[in-house]
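*Asks:* Structure below; questions to follow.
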Amino acid sequence: MKKLFSILIVLLMGCIMCAKNEAKIEGEPGGRLVIGTTDFVSEISPLKPNVFASNELLDLLFLRLHRVDPATGKMVPELAVSWEFSEDLSSITYYLRKDVKWWDGKPVTADDIIFTYKKMKDPKTAYPNIASLRFIKKVEKVNDYAVRFTFSKVYADLLTDSNIMPVARSAYKKLGADFGQMPVGNGPYKLKEFVPGSGALLVVNKEFYRGRPPLDEIYIRFYSNSDDMISDFSNGTLDLVLNIDPGAAKELEKNKNIRIDSRPGNSYTFIGWNLRNGHLRDKEVRKALSLAINEKMILNEVFKGMGKLSLGPLPPSSWAYNSNIKPLGYDLKKAQAILAKKGFEDRNRNKILDKDRKDFILNLITNVESPERVKMLRLVADDLKKLGIKVKARALDTRSFIKALIKGDFDGYIMAWSVDNKIDPTVSWSSDPKKGRYNFIGYKNPKVDTLINLASSMLDRKKAKKLWGEFQRIVYQDIPYTFLVAPDRISATYKRVRGIKGGISLSRVYTYWIPKNERRVAVAVNIPAKKEKKPTEEVIVSKTETVKETPEEKAKSLKKPPVTVTPEKLLAAAAKKETTAVAKEVAPIPPPKPSVITRAKPIKKVQPRYPEAAKSIAAQGRVVVRVLVGKDGKVKKAEVIKSFGNPACEEAAIAAAKKWVFKPATKDGVPFEQRIYIPFDFKP
């Protein structure tokens, strides 16, 4: 124990050195970056992270206690300048930086950390990742800039689970439920405007502790359809697009001014075989099926070669990946020989193998919302037909697909699992039905159970890597799945965008920059509200900006279905909400069914007069007023949310805002009260 403690002290000193010598952000200051993404967010708050999509937007606005260096994969200090373990490893004390402030000027302290933890634990908050906190016994204040986490057990992911992204205590108490619409953060960029489901405009935080980030503004536009996003990127409306499909990437790379960023993703696709069903209980039969499926063709046809062949339940991007596993490969003749040895023949000459007077027929399913998986299903069916097996292929909607998995109504299913930096495959691979909630295939291997338990609690990552590598090898050799492809994560940007190291990532955009002579002419950014049914209606985005949607834009056809929530994300969301290690039942979260909401639109605007008191001292700046628009469209309440500190201008802004009249907001056609933010600019 003393030896381990000494090692931790050495690591701690390394963290202190890293924090003190952290490099300033380089890049030519100025300019705006416009980003397209299909990851929707309805609110922006560490207490309400999106369980179905990326939360990297939060990393531009808020700081974590520590972060993972993309270059090394190691944890490095961020909000915490350093940390230390207790000698028995049951607690971690974080020492906070003293040079970090919230955007409202207040310092970030231990009180903010404790407040955030309590909010996460509060059932009223409905924090979606509550399961990650289940082993934290308490969080207590050591002093204003030190906080201690105490755990109920010692395990490998103490640092990961305690890595809280805090919210500003005073701002949250003031804003309450509205915090997620106009939050107060401490990251490299500030949120200036936000329309849920449409876009977010970020402006540089000049007081960021690492120095001023290069870009003046970052505009993130949300898309419900990837084809629309690619079209806008192709015509130059966007500078950068995230998470595009391989087909689009291959088309875009024809443009010499575009850079495609393709790097190993964190997921793997597979066919899960129902080990409770007939012939599939036999490992040799599963081996024959796998040998007959041409994974390379799937990689090339479906993913355009942008990925790797999957070699088990860890993707190549994982720190624990075992690269020494020998691929099973594609060998139709060998597959035929195995089945012949097992007694399969086409006795009745119907081109289907049979045994015990029964044709070899497989019921394969996937979710219809994924064109890639539907195509994989067809390719797999064609391959197995060559082997002499008839496939009944079904592409089901997500909810029906999950129901079929739970009931075991399948012989095989095509899906994908994602693997985070914190590895915990218990839910999908444990033999214990209470723990292995998503072990739909009925796989049982006591050695695999032991490896999962040991590796999950291993404090030494090198030793854990060996255990996870053995876990990967055994599962691959058992062939409960036919492992197909680990697809790349693909994004694209124009070459004028610089500072991209280690691949494109929204969380790293604060280090990007554009040379002055390559920037586009600056224009006002329009953040359109959610599209209405009526054409050409005006929607408010600020006091001077309006957007009109033409009938032609309304009629634009969708070449692909809108972005939907995948089955595995629904299942993962359900698992994250578990507060104990043992789940009571397997129950999927139903896909979200968003209401049709129209935002309140102004039909009468009143601009404030520039006060004489402000004019005398040449005061200028922006005042943001939050108004509560009633069901009748009149302003029921107005209050200042952001200001440059001039009381006279604040009073004038409130007085003007109270005179505004709106067409009321509606939810499914019924008027409801809605809060709207109105920015007023004051200048001589």
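The values are calculated or read from the model by the stated rules, or taken from the named source; none is laboratory data. Because the structure is a prediction, the values reported are computed rather than measured. All Cβ positions, even for glycine, are placed from backbone atoms using ideal geometry, and neighbour counts span all protein chains on display.
*Asks:* Can you say whether residue 621 is touching an Asp or Glu at 6+ places or on another chain (Cβ under 8 Å), modelled with pLDDT of 80 or more and either aliphatic (A, V, I, L, M) or over 19 Å from residue 675 (Cα atoms) (or both), as far as the supplied structure shows?
*Replies:* Numbers: touching an Asp or Glu at 6+ places or on another chain (Cβ under 8 Å): yes; modelled with pLDDT of 80 or more: yes; either aliphatic (A, V, I, L, M) or over 19 Å from residue 675 (Cα atoms) (or both): yes.
Yes: the conditions hold for residue 621.
*Asks:* Starting from residues that are assigned to a loop (DSSP other than H, G, I, E, B) and basic (Lys, Arg), keep the ones in the range 424-468 and report whichever is surrounded by the most Cβ atoms within 10 Å (Cβ to Cβ).
*Replies:* Keep residues of the range 424-468 that are assigned to a loop (DSSP other than H, G, I, E, B), which gives 424-425, 430-445, 458-460.
Going one step further and asking which of them are basic (Lys, Arg), we end up with 434-435, 437, 444.
Numbers: 434: 12, 435: 17, 437: 23, 444: 17.
Going through the qualifying residues, I end up with 437.
*Asks:* I'd like the residue in the range 616-662 that is touching a Cys at 6+ places or on another chain (Cβ under 8 Å) and assigned to a strand (DSSP E or B) and, out of all such residues, is surrounded by the fewest Cβ atoms within 10 Å (Cβ to Cβ). Explain how you work it out, then say what you get.
*Replies:* Just the residues of the range 616-662 that are touching a Cys at 6+ places or on another chain (Cβ under 8 Å), to begin with: 619, 621, 623, 643.
Applying the additional criterion that residues be assigned to a strand (DSSP E or B) yields 621, 623.
Working: 621: 15, 623: 25.
Checked the range 616-662; the qualifying residue surrounded by the fewest Cβ atoms within 10 Å (Cβ to Cβ) is 621.
*Asks:* Give just the number: which of (1) within 24 Å of the chain's Cα centre (by Cα); (2) surrounded by fewer than 17 Cβ atoms within 10 Å (Cβ to Cβ) does residue 155 not satisfy?
*Replies:* Here residue 155 clears every test but (1).
*Asks:* Then there's this: On the given criteria, is residue 192 surrounded by fewer than 17 Cβ atoms within 10 Å (Cβ to Cβ), among the charged types (D, E, K, R) and either under 26 Å from residue 85 (Cα atoms) or modelled with pLDDT of 90 or more (or both)?
*Replies:* no
*Asks:* Please find, among 325, 352, the residue that is closer than 30 Å to residue 419 by Cα, touching a Lys or Arg at 6+ places or on another chain (Cβ under 8 Å) and either assigned to a loop (DSSP other than H, G, I, E, B) or assigned by TED's automatic domain parsing to the domain that holds residue 401 (or both).
*Replies:* Details: 352 fails: closer than 30 Å to residue 419 by Cα.
From the options 325, 352, the qualifying one is 325.
*Asks:* OK, next. So, in the range 377-410, exactly how many residues are exposed (fewer than 15 other Cβ atoms within 10 Å of the Cβ) and part of a strand (DSSP E or B)?
*Replies:* 1
*Asks:* Any residue at all in the range 602-615 that's buried (at least 16 other Cβ atoms within 10 Å of the Cβ) and modelled with pLDDT of 90 or more?
*Replies:* Scanning the range 602-615, I find at least one residue that is buried (at least 16 other Cβ atoms within 10 Å of the Cβ) and modelled with pLDDT of 90 or more, so the answer is yes.
Yes/no matrix, rows are residues, columns are (1) buried (at least 17 other Cβ atoms within 10 Å of the Cβ); (2) within 24 Å of the chain's Cα centre (by Cα); (3) part of a loop (DSSP other than H, G, I, E, B):
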site	(1), (2), (3)
236	no, no, yes
243	yes, yes, yes
248	yes, yes, no
255	no, no, yes
263	no, yes, no
272	yes, no, no
288	yes, no, no
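*Asks:* What about residue 220, is it aliphatic (A, V, I, L, M), surrounded by fewer than 21 Cβ atoms within 10 Å (Cβ to Cβ), out of contact with any Phe, Trp or Tyr (no Cβ under 7 Å at 6 or more places or on another chain) and outside any loop (DSSP other than H, G, I, E, B)?
*Replies:* Working: aliphatic (A, V, I, L, M): yes; surrounded by fewer than 21 Cβ atoms within 10 Å (Cβ to Cβ): no; out of contact with any Phe, Trp or Tyr (no Cβ under 7 Å at 6 or more places or on another chain): yes; outside any loop (DSSP other than H, G, I, E, B): yes.
No: the conditions fail for residue 220.
*Asks:* When you check residue 143 against the structure, is it farther than 30 Å from residue 622 by Cβ and either surrounded by fewer than 16 Cβ atoms within 10 Å (Cβ to Cβ) or in contact with a His (Cβ under 8 Å, 6 or more places away or on another chain) (or both), yes or no?
*Replies:* yes
*Asks:* Inside the range 86-182, counting only helices (runs of 4 or more DSSP H) that do not spill past its ends, which hold 1 or more residues that are under 29 Å from residue 640 (Cβ atoms) and among the aromatic types (Phe, Trp, Tyr)? Don't jump to the end; show me each part of the working.
*Replies:* Values: elements: 110-121, 158-161, 169-175.
Ranges flagged: 110-121, 169-175.
*Asks:* Within the range 501-513, does at least one residue satisfy the condition of being in a loop (DSSP other than H, G, I, E, B), at pLDDT 85 or above, touching a helix residue (DSSP H, G or I) at 6+ places or on another chain (Cβ under 9 Å) and of a type in the set (Ser, Thr, Tyr)?
*Replies:* Narrowing the range 501-513 to residues in a loop (DSSP other than H, G, I, E, B): 501-505, 512.
Keeping just the survivors that are at pLDDT 85 or above gives 504-505, 512.
Imposing the further condition that a residue be touching a helix residue (DSSP H, G or I) at 6+ places or on another chain (Cβ under 9 Å) reduces the set to 505.
Remaining after also requiring of a type in the set (Ser, Thr, Tyr): 505.
Scanning the range 501-513 turns up at least one residue that is in a loop (DSSP other than H, G, I, E, B), at pLDDT 85 or above, touching a helix residue (DSSP H, G or I) at 6+ places or on another chain (Cβ under 9 Å) and of a type in the set (Ser, Thr, Tyr).
*Asks:* Sticking with this structure for a sec: Please go through the range 663-684 and give me each residue that is part of a loop (DSSP other than H, G, I, E, B), within 13 Å of residue 598 (Cβ to Cβ) and modelled with pLDDT of 85 or more, ordered by number.
*Replies:* 664
*Asks:* While we're here: Within the range 133-146, take every residue that is of a type in the set (A, V, I, L, M, F, W, C) and touching a Lys or Arg at 6+ places or on another chain (Cβ under 6 Å) and give me the one that is farthest from residue 422 (Cα to Cα). Reasoning before the result, please.
*Replies:* Looking only at the range 133-146, we keep the residues that are of a type in the set (A, V, I, L, M, F, W, C), and these are 133, 135-136, 139, 142, 146.
With the extra rule that they be touching a Lys or Arg at 6+ places or on another chain (Cβ under 6 Å), the set shrinks to 135, 142.
Working: 135: 15, 142: 28 Å.
Only one residue tops the list, namely 142.
*Asks:* In the list 105, 180, which residue meets the criterion of being free of Cβ contacts under 8 Å to residues at least 12 places away in the same chain and closer than 22 Å to residue 205 by Cα?
*Replies:* 105
*Asks:* A further question follows. Take residue 267 and tell me if it is farther than 28 Å from residue 384 by Cβ and of a type in the set (S, T, N, Q).
*Replies:* Working: farther than 28 Å from residue 384 by Cβ: no; of a type in the set (S, T, N, Q): yes.
Answer is no for this residue.
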